[in-house]
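J.: The structure's right below; bear with me while I get my questions together.
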Amino acid sequence: MEMNMKMVFVLCIVVLIQTEMAHAVEYKVGDSGGWTFNTVGWPKGKRFRAGDILTFNYPSGAHNVVVVNKDGYNRCSTPRGAKVYTKGGDKVKLVKGQNYFICNYAEKMAWKLEGCAIFLVIFMMLFAIQISNASTTYNVGDSNGWTFGVSNWPNGKNFKVGDVLVFNYPREIHNVVIVNKVDYNNCNPSGKMFNSGKDVITLKKGTTYFICGVPGHCDGAQKIAITAN
Ligand SMILES: [Cu+2]
């Protein structure tokens, strides 16, 4: 930031109108070097008149020309509503008194860089949130699938809201029924039934109770209670 301010400073020039007269003269600011760093000394020894034209030659996109007041000039800052030229080859007619010109492009670049940094941080935060929110898909019972003795399978796992359970089983042998806690404890299969053999269920907040509705299977520990936070 401090470096950028210095860069701005060396681009500042001040043109003092010494006498007011006819016959406008056209000046190329910075001569062959154009409007670039260290043009600050260029006006020295020249006698400008009101109505003279300054041509600011520079690559547009690298610099600009901002007409400022004395305060803006001294602080290398851009007053609100300042006239800004950006095309390169800009012609500015001098008015009576002191004419102050600065390039505030480095200042702008600093803002842009700051803006980029802020967006990068936001992006990284969103990315981190996305990672922490990423849902996990579980195959219930792992390679054994949804079968007898599966009731211990959830132990030690931390399920989140939005995680997905896939119940894999031969559909002619088992099914999946979502039940309430009492029916879970009593192995009573009254509730929503799935029987595709590959049922995909997204977890909601709280505890969801799953049992196999085929008689005797729930009692054979084909039941799981999953708590998602
Ligand atoms: Cu079963």
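The values are calculated or read from the model by the stated rules, or taken from the named source; none is laboratory data. Model, not experiment: these values are computed from the prediction. All Cβ positions, even for glycine, are placed from backbone atoms using ideal geometry, and neighbour counts span all protein chains on display.
J.: Against the conditions (1) away from the ligand (no atom under 14 Å from the Cβ); (2) out of contact with any strand residue (DSSP E or B) (no Cβ under 7 Å at 6 or more places or on another chain); (3) part of a loop (DSSP other than H, G, I, E, B), where does Asn185 fall short? Just the number, please.
T.: (3)
J.: Follow-up. Failed condition for Pro215, given (1) within 12 Å of the ligand (Cβ to nearest atom); (2) touching a residue at least 12 places away in the same chain (Cβ under 8 Å), with all others met?
T.: (2)
J.: So which residues in the range 164-176 are surrounded by fewer than 18 Cβ atoms within 10 Å (Cβ to Cβ) and near the ligand (Cβ under 10 Å from one of its atoms), if there are any at all?
T.: Those that are surrounded by fewer than 18 Cβ atoms within 10 Å (Cβ to Cβ) and near the ligand (Cβ under 10 Å from one of its atoms): Pro170, Ile173.
J.: Restricting to the range 136-163, and then to whatever is assigned to a strand (DSSP E or B) and surrounded by 14 or more Cβ atoms within 10 Å (Cβ to Cβ), can you tell me which residue is nearest to the ligand (Cβ to nearest atom)? Reasoning before the result, please.
T.: Residues of the range 136-163 that are assigned to a strand (DSSP E or B), as a first pass: 137-139, 159.
Remaining after also requiring surrounded by 14 or more Cβ atoms within 10 Å (Cβ to Cβ): 138-139, 159.
On the way: Tyr138: 18, Asn139: 16, Phe159: 22 Å.
Step by step, filter the range 136-163, then rank; the result is Asn139.
Residue-by-condition table, conditions (1) under 30 Å from Asp199 (Cβ atoms); (2) outside any helix (DSSP H, G or I); (3) charged (D, E, K, R); (4) not assigned by TED's automatic domain parsing to the domain that holds Lys28:
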{"site": "Pro79", "(1), (2), (3), (4)": "no, yes, no, no"}
{"site": "Leu120", "(1), (2), (3), (4)": "no, no, no, yes"}
{"site": "Phe167", "(1), (2), (3), (4)": "yes, yes, no, yes"}
{"site": "Ile173", "(1), (2), (3), (4)": "yes, yes, no, yes"}
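J.: On to the next question. For Gly206, are the conditions met, namely being in contact with a helix residue (DSSP H, G or I) (Cβ under 8 Å, 6 or more places away or on another chain) and away from the ligand (no atom under 14 Å from the Cβ)? Steps first, answer last, please.
T.: Details: in contact with a helix residue (DSSP H, G or I) (Cβ under 8 Å, 6 or more places away or on another chain): no; away from the ligand (no atom under 14 Å from the Cβ): yes.
For Gly206, the condition - in contact with a helix residue (DSSP H, G or I) (Cβ under 8 Å, 6 or more places away or on another chain) and away from the ligand (no atom under 14 Å from the Cβ) - is not met.
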